[in-house]
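The values are calculated or read from the model by the stated rules, or taken from the named source; none is laboratory data. Bear in mind the structure is a predicted one, so any value in this text is a computation, not a measurement. Methodologically, a virtual Cβ is constructed for each residue, glycine included, from the backbone with ideal geometry; neighbour enumeration extends over all protein chains shown.
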Amino acid sequence: MQMPDSSYTLPDDRGHFGKFGGIFVAETLIPALEELRLAYEAAKVDAAFRAEYEYELEHYVGRPSPIYHAKRWSDLLGGAQIYLKREDLNHTGAHKVNNCIGQALLARRMGKPRVIAETGAGQHGVATATVAARYGMECVVYMGSEDVKRQAANVYRMKLLGATVVPVESGSKTLKDALNEAMRDWVTNVGNTFYIIGTVAGPHPYPMMVRDFQKIIGEECLTQLPELAGRQPDAVIACVGGGSNAMGIFHSYVPHSEIRLIGVEAAGYGLATGKHAASLTAGRPGVLHGNRTYLLQDENGQIIETHSVSAGLDYPGVGPEHAWLKDSGRAEYVTITDDEALQAFHDLCRYEGIIPALESSHALAYAAKLAPTLATEKVLLVNLSGRGDKDMHTVAEKSGIQF
Amino acid sequence: MSRIQAAFDRLKSRGRKALIPYIMAGDPEPGATLALMRALVAGGADIIELGVPFSDPMADGPTIQRAAERALAYGISLHTVLGMVGEFRRHDADTPVVLMGYANPIEAYGIGRFADDAAKAGVDGVLVVDYPPEECVEFADVLKQHRIDPIFLLAPTSTERRYSEVAQAGSGYIYYVSLKGVTGSGKLDLDEVARRIPAIRQKVGMPVGVGFGIRDGASAARIAAVADAVVIGSRIIEEIEQSPPGEAPQRVTALLGGIRRAMDEGAKS
C-alpha cells in the first residue's frame, strides 16, 4: 500500500477536524476510546499488522478493485468521460468490508473475542458478520426493528454467517437507534467487546480510523486512472451518508487542489419536502453519536427522522471530516433526489450492464448531470461503492412490480 | 453560597447524606412534572435532578429512554423544562434543581442564552452527559459566571488524572457512575464503590454522589455509608410508569420516604 503525503494532518490528537469531530461521550466510554486510540496508533505503524491487512484485502476481498471506463454511457450523455471505481466487485459487494477487516484485525490484536456493529440496510452488518466468521469471533449486530422488517434478506445473510441480529425498538427504530444501542452494549461489555463502527462518524478515533481503512480506494485510483485514462480526474464524485466511501476515495486527492471533490447527499423526495437525508446541505452543526458535525435536527435540537430510497444514506448526521471539508471549501456537496438516483440506477443497468447500489446511484446521477456540461476530454471518477442486488425489492416496488 | 453547597452543608451538620432523585421533565405528561417534583421533596429529596429529554439518549437504559420518548411525544423542549423549573422555584426557594441531559438541545438553544435563562429560572447545576470536561471548557465557564454548577461524571474506569480534570472543570458535586453500563442496569458493585469513593472525594474536594443501579433502601443505605449523596433515577421512573393516573405523586413520595429512612437509619447504626 502506498502512502501519499497529505497536505493536512487532521484530525488533531483529540480527533478535531477544525471545530468538528472530537469526543462527545459519557465518561463511562472515555477509557475505552483511549484504549482503542492507543491500540490503533500502535497497529498503524506495525509492519506485521499492515501486511496482514493488505494480504486480506488482496486475497479475501479481491483488491485492487478495477477502474472501468463507462464509455457507452459517457457517449450517450455526450460530455465528460465517466470512470467507475468498482468497489461493487469486492467480496460482500461493497466498500464496507475494507474497514471491517481492519477493525476485526485490530479487535483480535487487542484480545477482544466479541465484535458488535450497528447496521441500517444491513450492508455493514453483513460485512461485519462476514469478517467475524472469517476470524472466528462472536458477532452481534444491532438493527432498527423497522429495518429488520424491510431488509429480511440481509438479516438472513447475517444469521447464515453466524451473527446474532438484535432488533432495536427504541426511537425511530432505524440506523441511528441501532447505533445508540450498540454504544450501550459496548459501554456494558467493554472488557471483551470491540465495536466495529461502519462509517467515518462516532467519537475519535473512529472517523480517522475508518477513513484510514477506506483510503485504499483513493490510493489505488491515483495510480490506476492515469494508466487507463492517461491523466488524473477533473472531479471525484461519491455519495455521502455517513461518508465512508467518499472519505475513502477523497482522501488521497485532498492535496491535489485542482481536482474537484464532490459529495452527493440524498435529497429524498426533495429538500423542500423535508423528507431527505442531506445533513451537510440542509442541516446545522450539533453534537450526536460522539462527535460535532452537521445534523438534521428540529429547532429544539432533537434529531429528526430522515428519508432516502437508499437505506445506506438514511442517516441524520455525517462524518466530521466531511463537515470540515465543506466549511473549508475543499469539497463541494450537492444533492440528488430518489427519482434522479433511480433513473441513474436504470441507466447503468441498461447501458453498461452494471447493477449499482442505490447509494452509489446518487453519485452516478450527479455525474450524469455534470458530464454533459463538460468537454468530452474531461474525466469524472465516480466511486461505485456497492452493487445493487440488495436493492432489487426496492426498485421493483418503485416500478410497481411484485416478486 | 449556592443552593447546592448550602444543601450539602446543612446535611453535614445533621450527619445525613443527600438523597437525589431523578425524573424526566414532561414524563408521563407535561402537567405531571411540578406535582412530582414537590412529591420528591415531600419524600425527602435534598436535590432534584430533572432530565431534559433528547431523541438519542445514548447513555441511558430502556427505562429512561421510554421516559424521554413519552416527554418528546408532548413536544417537551429545553424551553418548556426551564419554564417548569421557574414554576417550581416560585414555591420552593431551597431545593436545588440540577438539569441532566445531552449537549445538542443546549447547543441548539444557544449556550449563552441557556445560561441566562437557566439562572433566571432558578437552575442550580447542569450535567451534560456527553460533554466530557475537555470538550466544554467554554460552557463550564459560562455556567460558573451565572453561578450555576457544571456537574461531571466519573466512572469505575476513570483514571486518577481524570479525577483532577473534573475537579478543575466541575463544581457543586461529582456524580460517580457506580457501574459499567447504562442507567437502570443492575450490576452495582458496592465493594468497588466503597473502595473508590474516599480516593475520589479527597482528589476532587467536593461532595461525591453515587448513581446507576441503586434500586432500594438497602443499596441506598450502603452507598450512603460511603458517599455524600445517593442518586436514584430508573427505579423512580418505573414507579411513575406503574402508577394509575393521578397516584404517581403519592407513590413516589412513599418510595422515596422508604429509601430516606433506610439511609438515615444506616447512618445511626
Return the residue satisfying two criteria in turn: it lies in region B:75-126 and is out of contact with any Gly (no Cβ under 8 Å at 6 or more places or on another chain) and among the aromatic types (F, W, Y), and of such residues it is nearest to B:G233 (Cα to Cα). B:Y102
Based on this model, can you work out whether B:E87 counts as surrounded by fewer than 19 Cβ atoms within 10 Å (Cβ to Cβ) and at pLDDT 95 or above? yes
Is there a residue in region A:145-164 that is of a type in the set (A, V, I, L, M), farther than 21 Å from A:G386 by Cβ and in contact with a helix residue (DSSP H, G or I) (Cβ under 9 Å, 6 or more places away or on another chain)? no
Inside region A:204-243, can you point out the residues that are in contact with an Asp or Glu (Cβ under 6 Å, 6 or more places away or on another chain) and β-branched (V, I, T)? A:V240
The conditions are (1) touching a residue at least 12 places away in the same chain (Cβ under 8 Å); (2) away from chain B (no Cβ under 14 Å); (3) within 21 Å of the chain's Cα centre (by Cα), and A:L77 fails exactly one of them. Which is it? (3)
Counting only strands (runs of 3 or more DSSP E) wholly inside region B:77-175, the ones holding at least 1 residues that are on the phi < 0 side of the Ramachandran plot and more than 14 Å from every other protein chain (Cβ to nearest Cβ) are B:97-101, B:125-128
Residues of region A:341-363 classified as buried (at least 20 other Cβ atoms within 10 Å of the Cβ), within 18 Å of A:S399 (Cβ to Cβ) and not hydroxyl-bearing (S, T, Y), total: 8
Sole miss for A:A39 among (1) touching a helix residue (DSSP H, G or I) at 6+ places or on another chain (Cβ under 6 Å); (2) closer than 30 Å to B:D56 by Cα is condition (1)
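A quick yes/no check of all residues on (1) among the hydrophobic types (A, V, I, L, M, F, W, C); (2) crowded, with 18+ Cβ neighbours inside 10 Å:
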residue: B:G15; (1), (2): no, no
residue: B:L19; (1), (2): yes, yes
residue: B:A42; (1), (2): yes, no
residue: B:A59; (1), (2): yes, yes
residue: B:P62; (1), (2): no, no
residue: B:Q65; (1), (2): no, yes
residue: B:A71; (1), (2): yes, yes
residue: B:L78; (1), (2): yes, yes
residue: B:V81; (1), (2): yes, yes
Please verify whether region A:372-383 includes one or more residues that are in contact (Cβ under 8 Å) with a residue 60 or more places away in the chain and closer than 19 Å to A:A121 by Cβ. yes
Checking A:R14 against (1) in contact with a strand residue (DSSP E or B) (Cβ under 8 Å, 6 or more places away or on another chain); (2) within 22 Å of A:W186 (Cβ to Cβ); (3) crowded, with 20+ Cβ neighbours inside 10 Å; (4) of a type in the set (D, E, K, R), which single condition isn't satisfied? (3)
Return yes when A:S65 is in contact (Cβ under 8 Å) with a residue 24 or more places away in the chain, closer than 26 Å to A:A117 by Cα and polar (S, T, N, Q) and no when it is not. yes
I need the full set of residues from region A:170-212 which are without any contact (Cβ under 8 Å) to a residue 40 or more places away in the chain and more than 9 Å from chain B (Cβ to nearest Cβ), in order please. A:K173
Mind checking which strands (runs of 3 or more DSSP E) fall wholly inside region A:230-329 and carry at least 3 residues that are more than 14 Å from every other protein chain (Cβ to nearest Cβ) and over 15 Å from the mean Cα position of the chain (by Cα)? A:260-268
Reported set for region B:44-57 where residues are crowded, with 23+ Cβ neighbours inside 10 Å and either part of a helix (DSSP H, G or I) or more than 12 Å from chain A (Cβ to nearest Cβ) (or both) is B:A45, B:D46, B:I47, B:I48, B:E49, B:L50, B:G51
Out of (1) surrounded by 17 or more Cβ atoms within 10 Å (Cβ to Cβ); (2) out of contact with any helix residue (DSSP H, G or I) (no Cβ under 8 Å at 6 or more places or on another chain); (3) not aromatic (F, W, Y), the odd one out for A:A133 is which? (1)
Within region B:139-170, which residues are small (G, A, S), touching a residue at least 12 places away in the same chain (Cβ under 8 Å) and either crowded, with 21+ Cβ neighbours inside 10 Å or under 12 Å from B:I200 (Cα atoms) (or both)? B:A140, B:A155, B:S164, B:A167, B:G170
What residue, of A:G102, A:G111, is away from chain B (no Cβ under 14 Å) and surrounded by fewer than 16 Cβ atoms within 10 Å (Cβ to Cβ)? A:G111
